[in-house]
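Reading through the structure tokens given below for one structure.
The numbers here are math on the coordinates, done by the rules we state, and not lab data. Just so it is clear, the model here is predicted, and its values are computed rather than measured. Positions of Cβ are backbone-derived with ideal geometry, glycine not excepted, and every protein chain shown enters the neighbour counts.
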Amino acid sequence: MALSEQQPAGGSLAAVRDALGDARQVAVLTGAGMSAESGIPTFRDALTGLWANFDPEALASIEGFRADPARVYRWYVERREGVRRAEPNAGHVALAAWARRHPGSMTVITQNVDDLHQRAGQPGVIRLHGDILADQWLEPCRHPAVPGRPCDPADADEGQPPKCARCANLARPAVVWFGEALPEAALARAERAARECQLMLVVGTSGAVWPAAGLALQARRAGARVVILNPADSEIDVVAHDLLRGTAARLLPLLLGGGVAC
């Protein structure tokens, strides 16, 4: 099918491809919809089966973890298994391939906590909401094996949740929970990428989660062209110069080349 026949409502793939060719720096903000195409359910969609009756904040907050560490950790064990089974989709592959062809020109900022961008070969991914496959200590390390060097949660005793053999500190998933601030360093890097890019792609996000959603507005105010690629309306569509209606796995290969649409 010709490119013109693939054009989504509200935007032109050809025009955005031309703009990509002119951009010295491209920032990409990806959200849960992109991972969902690889079979990873969104946070709320994961609340099924035995977890369907739980308040989301009971499974994703400091208060919920302190109330029942084993229950919360079991839920994350299940989610981790799903992440490990998933594979990068054509959208992840297309982004990574474009970055390889244009070294140093693309910064991917993700709200997702999986590792699909990394497994696709994407360099330097900025993870705003953490890493679901990693643990961190619930409390600051109180008895480091080496003074000034915190114990590694990967060395904790096995359990659900794991526990430090030295001080009984609990390990928790290294993700941002309700009520927690985004990692300062990651947010600063993301904001700098938004300010310095000439084009920002916003892919697979509803635009409902802040401050991540605000990056698109920062990019536009700094003079960048903002392109939102999503199958449905988002809460930040008004910020966009171009609205490309479709999924990441289908449209990113058409937009960026170097991949096969599915």
* **Residue-span extension gain [ARG195 to ASP233] - 0.36 nm each, minus C-alpha spacing** => 11.2 nm
* Treating the angle as unsigned and between 0 and 90°, give the value, to the nearest 10°, between the Cα long axis of helix 13-22 and the longest Cα principal axis of the chain. => 80 degrees
* Report the relative contact order of the range 82-180, percent, no decimals, based on alpha-carbon pairs under 8 angstrom and at least 6 residues apart. => 23 percent
* If each residue's Cβ is checked for other Cβ atoms within 10 Å, how do CYS151, CYS197, CYS167, CYS141 rank with the fewest at the top? -> CYS167, CYS141, CYS151, CYS197
* FRET efficiency, 1/(1 + (r/R0)^6) with R0 22 Å, evaluated for THR42 and GLU78 via beta carbons -> 0.90
* To do: Just grab the label-to-label distance for LEU217 and ALA70, each label 7 Å out from Cα along the Cβ direction, in nm (one decimal).
  => 4.5 nm
* **Structure-based [θ]222 nm, the chain - -39500 (n - 2.57) summed over DSSP H runs of at least 4, per residue, nearest 500** => -9500 deg cm²/dmol
* Only Cα pairs under 8 Å and at least 6 apart count here; give the relative contact order of the chain as a rounded whole percent. => 26 percent
* Structure fact -> Quick numbers on the chain, Rg and Dmax over C-alpha atoms in Å, give 19.6, 64
* Structure fact -> Taking the dipole of the chain about the Cα centre (Lys, Arg +1; Asp, Glu -1; charges at Cβ), the one of PRO183, ALA171, TRP98 that reaches farthest to the positive side is TRP98
* From the backbone phi of the range 218-233, what are the Karplus-calculated ³J(HN,Hα) couplings (6.51 cos²θ - 1.76 cosθ + 1.60, θ = phi - 60°) in whole Hz, Gly and Pro given as x? -> 4, 4, 5, 5, 7, x, 7, 7, 10, 10, 9, 10, 7, x, 10, 4
* Asked: Helix 69-85: angle to the longest alpha-carbon principal axis of the chain, degrees 0 to 90, nearest 10?
  -> 40 degrees
* What FRET efficiency do you get for ARG17 and PHE178 if R0 is 51 Å and r is their Cβ-Cβ distance, rounded to the nearest 0.05? -> 0.85
* To do: Calculate how steeply helix 90-101 sits against the longest principal axis of the alpha-carbon atoms of the chain, using the helix alpha-carbon long axis, and give the answer as 0 to 90 degrees to the nearest 10.
  => 80 degrees
